[in-house]
Amino acid sequence: MWVSWREATRRALYEDGGFYREERPSAHFRTSVHASPLFAEAIARLLARVDVALGHPPRLDFVDMGAGDGLLAAGVLAAFGGTRLRVVAVDLAPRPDGLPSAIEWAEEPPEEITGLIVANEWLDNVPLDVVEQADDGPRLVLVDPETGAETLGPPLTDPADLAWLAAWWPLPRTGSRAEIGRPRDEAWSQLLVRLTRGTCVAIDYAHTAADRPELGTLTGYRNGHAVAPVPDGTRDITAHVALDACARGEGLLTTQREALRDLGVTGARPPLGLASSDPRGYLRALARASAEAELIDPGGLGGFGWLQQVR
């Protein structure tokens, strides 16, 4: 049975028995959250900046979209603390065992948020359609959910999708592919609507109009490895995010390297003299520098896109 990639991905990830109903992302791929607790500490420092900008409101929210095992929410709670802080972890999977009771667990974000929302590797799992340029124009790519086999489907006729394609990912030649990111733009906009005051941050594998991949980025992940994107519910199905389309010219679009360096994550090695005066301190500082370097490595996690928008 041939279906669109958007529908096949929705079923494979989010229907009963789907991948994100049954699995924790940390069992299949490593994010910045799991690379080092320093990531959560940096997010807590960003939250502190937001708190100052908001004038220390009576209730300060931190919302973790696509919370997975809740590690980021727990890390921010531990680093920031205080009775004013409300932490909400948003995920479709059941609440993990051992999560601090102060963390709320929900399938939807709160209707009104004052503070900081972080969507770390969330938008890349919002399902979307894949199209391929044919001789007569862009056509939907259809997939067999059981095998991952593909075929060209009908011409793309939705005016909104055609407009998005023309504005954000024009197809240069026959055989070129694009992933229509309009559902991600809409998901981002719907998240911003819930932000009464504060900052919303999207962190993801990303590309911009200057470097769109000609054949797209659709792939699968399972057990720590990239695998074929077969939408059968046994693996993550993901595609990089056109964050510039989400931004629509507003907010700050940068890299994780630059964003974390601004938050004090520099990867700077401790002075060598510390090895003589405080050997244990030197080793601790060296380990911290190594963890920081991984988070800001431009060829790895540091190359992620960061979009920050303020309301």
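Read-outs throughout are calculated quantities, based only on the coordinates presented, and are distinct from any laboratory measurement. Quick caveat: nothing in here was measured; it's all calculated off a predicted structure. Heads up, the Cβs are rebuilt from the backbone with ideal geometry, glycines too, and the neighbour counts pull from every protein chain shown.
Compared with the dominant Cα axis of the chain, that is its longest principal axis, helix 5-14 is turned about 40°. Charges were assigned to the Cβ only: +1 to each Lys and Arg, -1 to each Asp and Glu. The resulting dipole of the range 52-143 about its Cα centre is roughly 640 debye. The longest stretch of the chain left intact once loop-based GluC sites (Glu not before Pro) with at most 15 other Cβ atoms within 10 Å are removed from consideration, loops following DSSP, is 16-106.
Label-to-label distance, D16 versus S290, with points set 7 angstrom from Cα along the beta-carbon direction: 4.8 nm. Relative contact order for the range 129-177: 39 percent, from Cα pairs under 8 Å spaced at least 6 residues apart, divided by residue count. Can you tell which of A228, A160, A245 shows the greatest fluctuation in a Gaussian network model of the chain with Cα springs below 10 Å? Comparing A228, A160, A245 in the GNM, the peak value goes to A160. Extension gain, T157-R197: 0.36 nm per intervening residue step, less the Cα-Cα distance, totals 10.6 nm.
Each Lys and Arg contributes +1 and each Asp and Glu -1, all at the Cβ; summed about the Cα centre of the chain, the dipole is approximately 1240 debye.
I need the shape label for the range 129-177. Rule: rounded when a/c is under 1.5, else prolate if a/b > b/c, else oblate, with a, b, c from the alpha carbon gyration tensor. Here the range 129-177 falls in the prolate category. Just to confirm the number: angle between the C-alpha axis of helix 71-80 and the first principal axis of the chain, 0 to 90 degrees, nearest 10? That works out to roughly 30 degrees. Annotation: amide H of R86 within the under-5 Å range of L60, D61, F62, sequence separation 5 or more or interchain, hydrogens built in the peptide plane.
Springs between Cα atoms under 10 Å define the GNM used for the chain, and in it the highest mean-square fluctuation of G66, G98, G81 occurs at G98.
Largest GNM mean-square fluctuation across D64, D185, D144, computed for the chain with C-alpha springs under 10 Å, falls on D144.
Close amide H contacts of A67 (hydrogens built in the peptide plane, cut-off under 5 Å, sequence separation of 5 or more or a different chain): V90, D91.
Considering only C-alpha atoms, what is the centroid distance from the range 223-299 to the range 92-152, in Å? Answer, in whole Å: 22. In the chain, the ratio of gyration radius to Kirkwood radius, Rg to Rh, stands at 1.00 when only Cα atoms are counted. When DSSP beta bridges are restricted to pairs lying wholly in the chain, around 55% turn out antiparallel.
Does anyone have the angle between helix 182-193 and the longest principal axis of the chain? Alpha-carbon axes, 0 to 90°, nearest 10? Once rounded, the angle reads 40 degrees. Using R0 = 45 Å, the C-beta based FRET efficiency linking E108 and H225 works out to 0.90.
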